[in-house]
Amino acid sequence: MKKSYFSVIILAAGRGVRMASALPKVLHPVAGSPMVLRVLEQCRKAGAGEIRVVVGFGEALVRQVVEPAGGVCFRQVDQKGTGDAVRAAKPETLEGPVLILNGDHPLIEAEDIKKIVENFKETSEEITVITAKLKKPGSYGRIVRSGGNVRAIVEAKDASADTLKINEVNTGIYMLDAKLLHKLLPLVQNKNAQGEFYLTDIISLGMEHKIKVNGVVLNSRVATGVNSQIELSNATRRVYLRKAKQLLEAGVMIIDPKNTYIEDSVEVGASSVIYPGCFLKGRTKIGQFTVLEPNCFVNHAVIGDSVQVRAGSYLEECEIKEKAVLGPYARIRPETVIGREAHIGNFVELKKVVFGDRAKANHLTYLGDAEVGEGTNIGCGTITCNYAVDRKKYKTVIGKNVFVGSDSQFIAPVTIGDNAVIGSGSTITKDVPANALGVARAKQFVKENYVSVDGVGPSDSKKK
Ligand code: UD1
Ligand code: CA
């Protein structure tokens, strides 16, 4: 395998006090994906070699997210500042260019990282620091230039009133050779407002050692750090809007992009329509000409072409084939496959069901651990009783073109043959063969003249 040009250090050990949350800051999700994972994935996409992640607060949790994605974790024992964090990543054991970035900048894209790397390759400067010009520079470190060159980065907390007026800020992204990093880091001291080892000091230290620093201005998304829940919700909104725009450009109709929540991993085919309030998550794939009415929640579902999902439906880990119609208020649970042109109506719940082509269950029904054949009609209020007193699950198999009358229960395990008819209100405990009628309900009892002539009370009691 070709050796990568650069390696990466992601800083992710901080607690993030301003988040006011027990979860480590970098694990807060932006549109369904933890911030640090987003940063890591974009680095990987941009062609990074080894990706080191500095962990500290909530280490075990951060490792659980970062390691499966290929991040190599290094522990920072005490969170003594960004300079100390980079030291914890042992840059002395790296070679060649190193990209350093913060785990709390979730909007960065691979394209930005590629730009930074190309820029570093092309210039003769030894340190690149990525900056951005912001209307409201807020709490970001300020870039102090003289004669156009970057001389220092001053943290907002340490800055004079004049320095605070500078609107060019530090994005916290740097690129330099591992050897140079190793040389400068031990020189960083903690004489500042927060008593921390600031990584930003490598810029002024570099100047003192006649090292050329290149300040490259990039877009504001690169600069967008998340330090509070408000900033998190702003970043989240930007990511959902970015995805909605991509889909709109690809021909998907999204009626109100500001109120539609589609994760980056989701695919939607052209000419499909997504109404407001829909949440589409994870590995969800939606075909063409499919309509999702308002407020549908869809997680890891594969939905075919020309499917109609009516308002308020909830779909998880299931497959819906072409031209099926679901809802309103359908609940499709894991391991369910709905056949072509099948109909699932309101308040119908399916769990682990293979539901045949053109089959119907239009009202108020629970089917679990079941197979329903093609063209079968499941009447209103049908229940498969799959969970027995031994706490095990049993299966109901219903054949093709079966007619199940309303308000029937199937006590699993039980099998119904093709074309069978189940009388309404039956509690089916035994198999019903193909083409048979199965009825299991109490016989109707009729007593004539039960009510007295004046219509009050039973006629018998009056006579006494
Ligand atoms: C830092 C920069 C600031 C820049 C801003 C961009 C410093 C001193 N300041 O400030 O110039 O404008 O980022 O967002 O570098 N971390 C550790 N260990 C620590 C401290 C922090 O791993 O001991 C990690 C945090 O988890 C976070 C990142 O480093 O992911 C940045 O730390 P944070 O405290 O958010 O720095 P800022 O104050 O935002
Ligand atoms: Ca920050």
Practice problem: Grab the beta carbon distance between residue 5 and residue 388, set R0 = 56 Å, and tell me the FRET efficiency rounded to 0.05. | Solution: 0.35
Quiz prompt | the range 351-435 shape via C-alpha gyration tensor axes, a/c threshold 1.5 | solution = rounded
Quiz item: What aspartates and glutamates could a cross-link reach from residue 360, if we take a straight Cα to Cα line under 13 Å and drop same-chain neighbours fewer than 8 places away?
Solution: 341, 349, 371, 374
Quiz item: Based on the Cβ-Cβ distance of residue 305 and residue 136, what FRET efficiency does E = 1/(1 + (r/R0)^6) give at R0 = 41 Å, to the nearest 0.05?
Solution: 0.35
Quiz item: How long are the three semi-axes of the equivalent ellipsoid for the chain, computed from the Cα gyration tensor as the root of 5 times each eigenvalue, in whole Å, largest first?
Solution: 64, 22, 21
Quiz prompt | Magnitude of the charge dipole, the range 91-188, Cβ model with Lys/Arg +1 and Asp/Glu -1, debye to 20 | solution = 460
Practice problem: Would you mind computing, in nm to one decimal, how far apart the modelled labels at residue 245 and residue 449 are, each placed 7 Å from Cα along Cα→Cβ? | Solution: 8.5
Practice problem: Multiply the residue separation of residue 208 and residue 179 by 0.36 nm, subtract the distance between their alpha-carbon atoms, and state the gained length in nm to one decimal. | Solution: 8.8 nm
Quiz item: Excluding ligands and nucleic acids, what accessible area in Å² is computed for residue 253 using a 1.4 Å probe, to the nearest 10?
Solution: 100
Quiz item: With axes computed from alpha carbons, what is the tilt in degrees of helix 110-122 against the longest principal axis of the chain, rounded to the nearest 10 within 0 to 90?
Solution: 20
Quiz item: Once Lys and Arg get +1 and Asp and Glu get -1 on their Cβ, which of 17, 413, 295 lies farthest toward the positive end of the dipole of the chain?
Solution: 17
Quiz item: How much accessible area does residue 371 have with a 1.4 Å probe, in Å² rounded to the nearest 10?
Solution: 70
Quiz item: Taking a quarter of the surface of the Cα convex hull of the range 19-168, what do you get in nm²?
Solution: 10.5
Practice problem: Give the shape of the range 128-273 as rounded, prolate or oblate, defined through the alpha-carbon gyration tensor: a ≥ b ≥ c are the square roots of its eigenvalues, a/c under 1.5 means rounded, and otherwise the shape is prolate if a/b is larger than b/c and oblate if not. | Solution: prolate
Self-check item: Counted charge near residue 247, where neighbours are those whose Cβ lies closer than 12 Å (Asp, Glu -1; Lys, Arg +1)
Solution: -1
Quiz item: By the scheme Lys and Arg +1, Asp and Glu -1, what is the net charge of all other residues having a beta-carbon under 13 Å from that of residue 58?
Solution: +3
Quiz item: Residues of the chain: accessible area per residue at 1.4 Å, in Å²?
Solution: 48
Quiz prompt | Estimated distance in nm for a label pair at residue 230 and residue 64, the labels positioned 7 Å out from Cα along Cα-to-Cβ | solution = 3.1
Quiz item: In the chain, what percent of the accessible surface is made up of carbon and sulfur (1.4 Å probe, ligands and nucleic acids excluded)?
Solution: 52
Quiz item: For the residue pair residue 439 and residue 78, what label-to-label distance in nm results when each label sits 7 Å from Cα along the Cα-to-beta-carbon direction?
Solution: 8.4
Exercise. Place +1 on the Cβ of every Lys and Arg and -1 on the Cβ of every Asp and Glu in the chain, take the dipole about the Cα centre, and give the residue among 449, 128, 185 whose Cα lies farthest towards its positive end.
Key: 449
Practice problem: Taking the Cα centre of the range 159-294 as origin, work out the dipole magnitude from +1 charges on Lys and Arg Cβ and -1 charges on Asp and Glu Cβ, in debye rounded to 20. | Solution: 180
Practice problem: Sum -39500 (n - 2.57) across every DSSP H segment of at least 4 residues in the chain, then divide by the residue count to get the 222 nm mean residue ellipticity, nearest 500. | Solution: -5500 deg cm²/dmol
Practice problem: Could you please state, rounded to a whole Å, how far the C-alpha centre of the range 1-52 is from the C-alpha centre of the range 198-227? | Solution: 19
Quiz item: Working out 0.36 nm times the residue gap between residue 403 and residue 238, then minus their Cα-Cα distance, what length gain in nm do you get to one decimal?
Solution: 54.4 nm
Quiz item: Which pairs break 31 Å Cα to Cα here: 25/258; 121/191; 285/400; 258/285?
Solution: 121/191
Quiz prompt | Linear extension gain, residue 317 paired with residue 167, 0.36 nm per residue minus alpha-carbon span | solution = 49.3 nm
Practice problem: State, as an integer percentage, the relative contact order of the range 213-371 based on alpha-carbon contacts under 8 Å between residues 6 or more apart. | Solution: 11
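The values are calculated or read from the model by the stated rules, or taken from the named source; none is laboratory data. Quantities reported herein were computed from a predicted structural model and do not represent experimental measurements. A quick note on method: Cβ atoms are made from the backbone with ideal geometry, for glycine too, and the neighbour counts reach across all protein chains shown. These accessible areas exclude ligands, DNA and RNA; they are computed on the full protein's heavy atoms, side chains included. Shrake-Rupley method; radii C 1.70, N 1.55, O 1.52, S 1.80 Å.
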